[in-house]
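One structure is given below, encoded as structure tokens.
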Amino acid sequence: MSTLWHGRFAGGPAEALQALNDSLPFDQRMFSQDIAGSRAHVRMLGHVGLLTAADTAAVLAALDTTETEIAEGAFVFAVNDEDIHTAVERRVTELAGAAGARLHTGRSRNDQVATDLRLWTKREMVDLAGVVADLQAVLAQQAETAGPAYLPGYTHLQQAQPVLLAHHLLAHGWALARDVDRLLAAGQSADVSPLGAGALAGSSLPLDPDMVAQELGFAARFENSLDAVSDRDFVVEALFALSLLGVHLSRIGEEMILWASSEFGFVSLDDAFSTGSSMLPQKKNPDIAELARGKAGRLIGHLTGLLTTLKGLPLTYNKDLQEDKEPLFDACDTVRLTMLALNGMLATLTFNTERMAESADSPYAAAVDLAEYLVAQGMPFREAHAVVGGHVQNALAGHGSLKDLVTADPCLGAEAAELLAPGVAVTRRTTPGGAGPAAVAVQAERFAQKLAEQQTRLTQ
Ligand code: ARG
């Protein structure tokens, strides 16, 4: 066999066309999905009487052999194997002869490639969600180890209020929990079988798309054959889920970069997870964190790239759709690798909790506690804010320490000044979901529960 369409063509393809057109270099990673799809298709053809039992058995055996050959690296690809579908069908026909030539009955590469990619995406989304869960577990573990440690919480990158380190770490954990939900949702979008849509319109043959959908473990079959072969929403959704996950990893990376700087000094990275400088002997660089930040750009690029590819496409299949796989594969690989490295970095770094506390213990960080003290005495908050603001202004102008000014104020006094003592302010965040020890203990419980729920969904 030369090309799949040789019957209609007088000559073979030009070299440049072949080089541009071939997708085998990247779509061969879907070989087991392609073979699974063919198995289901062939069984269905046998079931509806389009293939004899003997032919069905011969094709199934040839598919088994082909799968083993590819898995073991013994498969010899031919020049004209433009994609994995062509390669598998060519080999099956070599092995099963006339029966193999019936494999493609009622099927097109258009419904075939969509089937393969959906099967691949379904599995990969669950798999990656598991890698996210591992990262969440590291954050949860570090949050537990952090115990009562606290650091300044920031808004505008200005010190705002002290927060428990555990609270800060769990904040990233909750963002990742939403990523797990999104990855699983993208997997669900992929969970619809397009097989049986043919090139675009279905078939005159008595195919049974419900049967193949069930055989392949899809939750449903397509409703509209035109939509089935052109829908790549699931790829876009996967790329979005991966992009947002990448953005979350980037934010973690950015913070670790800041925290590892000598200006912050909040963390020390383990040697195995940091790099040196070729010129400056004293340097220890947070490359993993920087790459986590850098890779997000590439992920967003993949998402916007595919959206752009799709936006002008008329129904139904167009070769442009072949551009769906490389970004998806690369995004999955990139996110996986980034998470593994970040996981190691976060699991092994040391938090310099003394340095954190020192930064958080600026008396100004407790200013709102003073205002709330006045509120508890019945003063309207706006007024209390202004009173404390006045003391802060005086302290900053050198008219005495904030503590002395507060002690001297009859509305505040020595009891209120106690709130400025190191480590006190953080304990006063008592509301649900807040940054203080009691609330964080409850939150950590709930986070552990969330992880357990996720785990159940992942192993379903
Ligand atoms: N390699 C192709 C892709 O990835 C398979 C589908 C080809 N279909 C076609 N009508 N040429 O999209």
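The values are calculated or read from the model by the stated rules, or taken from the named source; none is laboratory data. Note that the structure is a prediction, hence the values are computed from the model and not measured. All Cβ positions, glycine included, derive from the backbone under ideal geometry; neighbour counts span all protein chains shown. The accessibility values were calculated without ligands, DNA or RNA, using every heavy atom of the protein model including side chains. Shrake-Rupley method; radii C 1.70, N 1.55, O 1.52, S 1.80 Å.
What the table below lists for this structure:
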{"read-out": "Reciprocal mean inverse distance between Cα atoms of the chain - Kirkwood radius, Å", "value": "26.2 Å"}
{"read-out": "Relative frequency of Cα-Cα separations exceeding 26 Å in region 10-135, percent", "value": "27 percent"}
{"read-out": "Heavy-atom surface of region 123-162, accessible at 1.4 Å and reported per residue (Å²)", "value": "46 Å²"}
{"read-out": "Percent carbon-and-sulfur accessible area, the chain, ignoring ligands, DNA and RNA, probe 1.4 Å", "value": "55 percent"}
{"read-out": "Helix 287-311 axis, angle to the chain major axis (alpha carbon atoms, nearest 10°)", "value": "50 degrees"}
{"read-out": "Charge context of Ile257, other residues only, Cβ under 9 angstrom, K/R +1, D/E -1", "value": "-2"}
{"read-out": "For Thr275, distant residues with modelled amide H under 5 Å away", "value": "Asn285, Asp287"}
{"read-out": "The chain: angle of helix 325-348 to the longest principal axis, Cα-based, in degrees nearest 10", "value": "40 degrees"}
{"read-out": "Whole-Å distance, taken between Cα centres, linking region 301-329 and region 29-85", "value": "27 Å"}
{"read-out": "Within the chain, longest stretch clear of exposed chymotrypsin sites (Phe, Trp or Tyr not before Pro) (DSSP loop, no more than 16 other Cβ within 10 Å)", "value": "78-460"}
{"read-out": "Rg ratio (alpha-carbon, reference 2.2 N^0.38 Å) - region 153-281", "value": "1.71"}
{"read-out": "Pairwise FRET efficiency - Thr155 versus Leu337, Cβ, R0 = 25 Å, nearest 0.05", "value": "0.15"}
{"read-out": "Accessible-area order (highest first, 1.4 angstrom probe) of the listed residues Arg182, Arg8", "value": "Arg8, Arg182"}
{"read-out": "Total formal charge among the other residues, if their Cβ is under 14 angstrom from that of Ala149, Lys/Arg +1 and Asp/Glu -1", "value": "-3"}
{"read-out": "Among 245-256, 431-442, the order from most to least packed when residues are scored by Cβ within 10 Å on average", "value": "245-256, 431-442"}
{"read-out": "Alpha carbon centroid spacing (whole Å) that separates region 240-297 from region 119-139", "value": "22 Å"}
{"read-out": "Extended-chain gain in nm, criterion 0.36 nm per residue less alpha-carbon gap, Thr430 and Trp174", "value": "90.2 nm"}
{"read-out": "Estimated vicinal HN-Hα couplings, Hz - region 365-374 in sequence order (Karplus 6.51, -1.76, 1.60; Gly, Pro = x)", "value": "5, 9, 4, 5, 5, 5, 4, 5, 4, 5"}
{"read-out": "Phi to ³J(HN,Hα) by Karplus 6.51 cos²θ - 1.76 cosθ + 1.60 over region 100-111, Hz, x for Gly, Pro", "value": "x, 5, 9, 4, 8, 3, x, 10, 10, 5, 5, 6"}
{"read-out": "Net charge over other residues, Cβ less than 12 angstrom from the Cβ of Leu370 (K, R count +1; D, E count -1)", "value": "-3"}
{"read-out": "Burial order of peptide ranges 410-417, 10-17 (average beta-carbon count within 10 Å, highest first)", "value": "410-417, 10-17"}
{"read-out": "Among beta bridges that DSSP assigns inside the chain, antiparallel share in %, nearest 5", "value": "80 percent"}
{"read-out": "Inverse of mean 1/r across different Cα pairs in region 306-460, Kirkwood, Å", "value": "21.0 Å"}
